[in-house]
Amino acid sequence: MCTLFAIQTGSTVIVGRNFDWIQRGGTLHFIPPTSSYGTQTFGLCLLEQMGAGEPFEGMNTQGLFIGLAAVPTHQVPPFAPINRPRFNELGIIRYILERAATTEQALQLFHQFSLDYRLTPWNFHHHHLIVDAQGQVAVYEEGYPVEARGLPRSQWEAITNVGQGMDRLICSRYQAVATSLNQAEPTVETAMQLLENVRQDELTVWSAVYKLKERTVGLCADGDYDFIHHWTLIDQLEQGYATFPFTQLKLKNPKYRQKY
C-alpha cells in the first residue's frame with residue numbers, strides 16, 4: 001500500500017514515507033559512489049526487502065529522493081511506451097538515483113525505459129514520487145503526462161494508492177496527510193508522528209523521514225516509534241559501504257537488549 005509526502009518548509013524539504021506490505025523486515029544500505037564504464041555514480045541510501053538492486057525508496061548525495069507506491073490495478077497503463085528497454089519498477093529507483101541530481105534529470109531517465117511491473121495476482125502497477133533538494137517534485141506514473149513543479153514554502157505533494165484520473169480524496173490516509181500538512185509545516189518529529197497516525201497497523205513495515213538539503217534520514221523499523229534511528233548520508237558514506245538489517249536495528253533498543 002504505502003503513504004508518501006513531500007513538503008517545502010522554511011529551511012529544507014521534508015519527505016515522509018510509510019512502507020506498507022505483507023512481508024516483514026527490511027534492510028537499509030549506504031552505498032558509496034563508484035566509477036563504472038566512465039560514469040561516476042552518486043552515493044546512496046536505499047531501503048529494500050528484495051536486495052540492494054531493487055529498493056522501494058532511496059536518497060542520493062545530491063538530495064534526490066525517489067519512492068514508489070502501488071496502484072491497485074492489473075491493467076496495462078494507457079499509452080505505455082513500447083520499443084524501449086524494459087526495467088523493473090524497483091530496480092529503476094537505484095539506477096536513477098545513481099545518475100540523477102534533480103527531479104528533471106530523473107524524469108528524463110524514466111522516459112528512456114518501459115517499466116516491467118511483473119504483473120501477477122500478487123503484484124501491481126506503481127507510481128513514483130520524485131523530489132529533489134531544491135523542492136522540485138513530480139509523480140511519475142507510466143503512460144500519463146508528467147512534469148516537475150516547484151513547491152513554494154508550505155506547499156506539498158502526496159501519494160498513496162490512488163492513481164492518475166482518480167479522486168485522491170477517496171483515500172482516508174491521503175485526507176489525513178492533506179489536513180495535517182495544510183495546518184502547519186512539519187518538523188522531522190511531527191512528520192514521523194503523522195506517519196504513525198496514518199500507519200496501517202501491522203502492514204506498516206517502516207516509516208522514514210528525510211531532510212533533503214541536509215541529506216539525513218530518520219527510520220522507524222517494524223513499528224517501534226519510541227526508538228527512531230538517525231543517519232546523515234554524507235557522514236555515513238565516509239565510513240564505507242554499510243548495511244543495517246532491521247533485526248540489527250531492533251537490538252539497538254535497550255528494551256530488546258534486556259531480553260536477549
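Keeping all protein chains in the complex and leaving out DNA, RNA and ligands, what accessible area do you get for R84 with a 1.4 Å probe, in Å² to the nearest 10?
Number for this one is 100 Å².
Any idea of the accessible area per residue across segment 1-77, 1.4 Å probe, to the nearest Å²? Before the final figure, lay out the partial values.
Numbers: 2480 Å² over 77 residues.
On a per-residue basis, segment 1-77 sits at 32 Å².
Round to the nearest 0.05 the FRET efficiency obtained for K213 and Q193 when R0 = 25 Å and r is the Cβ-Cβ distance.
It comes out at approximately 0.75.
Straight distance only, please: which aspartates and glutamates reach the Cα of K250 with their own Cα at less than 14 Å, same-chain residues fewer than 8 apart left out?
D222, D224, D226
For the pair S172/A184, report the inter-label distance in nm, with labels modelled 7 Å from Cα in the Cβ direction.
The answer from the label model is 2.4 nm.
Would you rank D201, D20, D235, D116 by solvent-accessible area, highest first, keeping every protein chain in place and using a 1.4 Å probe?
Numbers: D201 110, D20 5, D235 85, D116 50 Å².
Output order, biggest surface exposure first: D201, D235, D116, D20.
If Lys and Arg each add +1 and Asp and Glu each add -1, what is the summed charge of the other residues whose beta carbon sits under 13 Å from the beta carbon of V71?
Around V71, the surrounding residues sum to -2.
Pull up all non-local amide H partners of D20: gap of 5 or more, or a different chain, and H-to-H distance under 5 Å with H placed in the peptide plane.
C2, T3, V205
Binned at 5 Å from 0, what are the whole-percent values of the Cα-Cα distance distribution for the chain, short to long?
1, 6, 14, 19, 21, 18, 12, 6, 2, 1, 0, 0
Calculate, for Q23 and D201, the FRET efficiency according to 1/(1 + (r/R0)^6) with r their C-beta to C-beta distance and R0 22 Å; round to the nearest 0.05. The partial results should precede the final answer.
Numbers: r = 15 Å, r/R0 = 0.68.
Computed FRET efficiency for Q23 and D201 comes out at 0.90.
FRET efficiency for T232 and D116, Cβ-Cβ distance as r, R0 = 30 Å, nearest 0.05?
Between T232 and D116 the formula returns 0.30.
Compute the normalised compactness of segment 117-260: alpha-carbon radius of gyration over 2.2 N^0.38 Å, N being the residue count.
1.20
The values are calculated or read from the model by the stated rules, or taken from the named source; none is laboratory data. All figures in this text were calculated on a predicted structure; none of them were measured in a lab. Note that each Cβ is placed from the backbone with ideal geometry, even for glycine, and that neighbours are counted across all protein chains shown. In case anyone asks, the SASA skips ligands and DNA or RNA and just uses the protein heavy atoms, side chains included. Shrake-Rupley method; radii C 1.70, N 1.55, O 1.52, S 1.80 Å.
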